[in-house]
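These notes concern the structure reproduced below.
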Amino acid sequence: IKTAKGLRDRRMRLSLEVAKRFFGLQDILGFDKASKTVEWLLNQSKDAIKRLAIDKNYNNNNNCSDGISGLKSASSTSECEGISSLDEVALSQELQERDQEPPTLPVTKRRTRNARKSAILLHPSIARESRE
């Protein structure tokens with residue numbers, strides 16, 4: 001994944017303490033994939049992320065030679081880093097929301113599945129093997 005700080009691997013290493021808290025939250029939410037838990041956390045933090053993105057953009061505008069966009073240009077100094085795609089999304093959403101009423105959040109129902117059962121449903125050969 002390409003970010004403002006270069007290429008990043010999709011995998012993350014968590015400290016033992018953070019891993020315990022993360023997987024505890026994942027169990028509470030009933031999610032079977034870590035990406036769903038991270039997505040939930042990002043959605044819950046959306047407003048704080050927007051504020052950070054706006055603050056960062058403001059700070060970049062004050063410190064960078066390219067004060068219009070806050071993006072790093074070839075001639076800008078190393079102190080002026082470009083905003084990440086997450087920041088760009090937050091900023092564009094902020095600009096759109098200024099002209100619109102706040103959207104209502106849809107109520108989502110948690111779906112829990114038995115991992116083995118869904119594997120059997122997806123792979124008929126596994127289902128045959130398990131019946132034999």
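Just so you know, all these numbers are worked out from the coordinates, no wet-lab data involved. Predicted model, so just to flag it, every value in this text is computed and none were measured. As a convention, Cβ positions derive from the backbone with ideal geometry for all residues, glycine included, and neighbour counts pool all protein chains shown.
Residues of segment 32-45 that are assigned to a helix (DSSP H, G or I) and surrounded by 12 or more Cβ atoms within 10 Å (Cβ to Cβ): 34, 36, 37, 38, 39, 40, 41.
Of all residues in segment 24-40, which are of a type in the set (A, V, I, L, M) and touching a residue at least 12 places away in the same chain (Cβ under 8 Å)?
25, 29, 34
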